[in-house]
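Written below as structure tokens is the structure these notes are about.
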Amino acid sequence: MFDAHAHLQDIPQEKLPDFIERIAASPVKRIFCNATLPADWGTVASIAAELRICTPFFGVHPWFVEGLPDDWEHALEHQMAKKKCGIGEIGLDRARGGVSFEKQTYAFVRQLDLACMARKTFSLHCVGAWPQLLAILKKADLNGLPFILHGFNGSVENAKELVKLGGLLSIGPRNMDPGKLDALCSQIPIEHFLVETDFSKSSVSTGVDVDIAEFYLKTLDACYQKLAKAFRMGLAEFSNAIQDNEQYLMGYV
Ligand SMILES: [Zn+2]
């Protein structure tokens, strides 16, 4: 199994060793672990160093563009040069109050440029800003660089435009009712789909002592089942198709 978008840095420090040990022995063969701001890049890098199947993504999430250190762009370039990685999580979010859309746009465009120059894939977050996001992507120097639409919940029309630009649509636990998903899967080929847990702090309710590894594996499994069903495919055949997509993306990290 392949998880195209997670935030493993949100796992409490004391629970990480157990999680890493159990995931390394599980059917999960690749996790794209997305940073969200400069302060968590170090943690993401160290998780990737300990968990061989984890590929780090470094970047600034649109929610966290206020109050960035002055040298964040240099720091990102430096981080990118150290190890195989993608760029993420980046994008635009018009529903997020208190964060300037102008600053979001600046940070997004800068990170997109860095990704294009380094030919590294990137993971996109988009809420309420499809026209703006598409306009920026169309102007970017993508040249066939594949990228990920994390937690895709847009229209079939958006999906078609994104796929034309090189996008892969990543479907998570909160995405889409079955009807909408069926419509999407009937019109977009499986080569353009991914599965994700979007695991983060908010995934596990606080106050209860949940078994994080078990919760994580169940979430990923449920997303695989949901999407395999939408494609009317058996789980093994579906998993193979998703693994091919993972191999393709791994050519751009
Ligand atoms: Zn995310």
Subject >> Matching residues, region 160-180, being among the aliphatic types (A, V, I, L, M) and either in contact with a strand residue (DSSP E or B) (Cβ under 6 Å, 6 or more places away or on another chain) or modelled with pLDDT of 90 or more (or both) >> reply: LEU162, VAL163, LEU165, LEU168, LEU169, ILE171
**OP:** Scan (1) among the hydrophobic types (A, V, I, L, M, F, W, C); (2) more than 18 Å from the chain's Cα centre (by Cα); (3) away from the ligand (no atom under 15 Å from the Cβ) for the single condition CYS116 breaks and write down its number.
**Re:** (2)
**OP:** From (1) without any contact (Cβ under 8 Å) to a residue 40 or more places away in the chain; (2) crowded, with 17+ Cβ neighbours inside 10 Å, pick out the condition that doesn't hold for ALA75.
**Re:** (2)
Subject >> Within region 119-131, considering residues that are within 13 Å of MET80 (Cα to Cα) and not hydroxyl-bearing (Ser, Thr, Tyr), the one nearest to the ligand (Cβ to nearest atom) >> reply: PHE122
**OP:** Filter region 181-207 for residues that are part of a loop (DSSP other than H, G, I, E, B) and either closer than 29 Å to PHE19 by Cα or out of contact with any strand residue (DSSP E or B) (no Cβ under 9 Å at 6 or more places or on another chain) (or both) and give the result.
**Re:** PRO189, GLU196, THR197, ASP198, SER200, VAL204, SER205, THR206, GLY207
Subject >> region 49-68 residues that are touching a residue at least 40 places away in the same chain (Cβ under 8 Å) and under 24 Å from ARG94 (Cβ atoms), paired with ones that are more than 12 Å from the ligand (Cβ to nearest atom) and among the basic types (Lys, Arg) (beta carbon under 6 Å, 6 or more apart) >> reply: VAL65/LYS103
Original post:
If we keep just the residues of region 1-19 that are assigned to a helix (DSSP H, G or I), of a type in the set (D, E, K, R) and away from the ligand (no atom under 11 Å from the Cβ), which is farthest from THR43 (Cα to Cα)?
Top reply: ASP18
Original post:
Of all residues in region 216-240 being over 24 Å from ILE20 (Cα atoms) and crowded, with 17+ Cβ neighbours inside 10 Å, which is nearest to the chain's Cα centre (by Cα)?
Top reply: LEU227
Subject >> Residues of region 20-47 that turn out to be in contact with a strand residue (DSSP E or B) (Cβ under 7 Å, 6 or more places away or on another chain), within 16 Å of the ligand (Cβ to nearest atom) and more than 13 Å from LEU217 (Cβ to Cβ), as a count >> reply: 8
Original post:
Counting just the residues of region 76-106 that are small (Gly, Ala, Ser) and within 16 Å of the ligand (Cβ to nearest atom), which one comes out nearest to the chain's Cα centre (by Cα)?
Top reply: GLY88
Original post:
Any chance region 215-223 includes a residue that's part of a loop (DSSP other than H, G, I, E, B) and away from the ligand (no atom under 16 Å from the Cβ)?
Top reply: no
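The values are calculated or read from the model by the stated rules, or taken from the named source; none is laboratory data. Being a predicted model, the structure only gives us computed values, none of them experimental. So basically every Cβ, Gly included, is an ideal-geometry build from the backbone, and we count neighbours across all protein chains shown.
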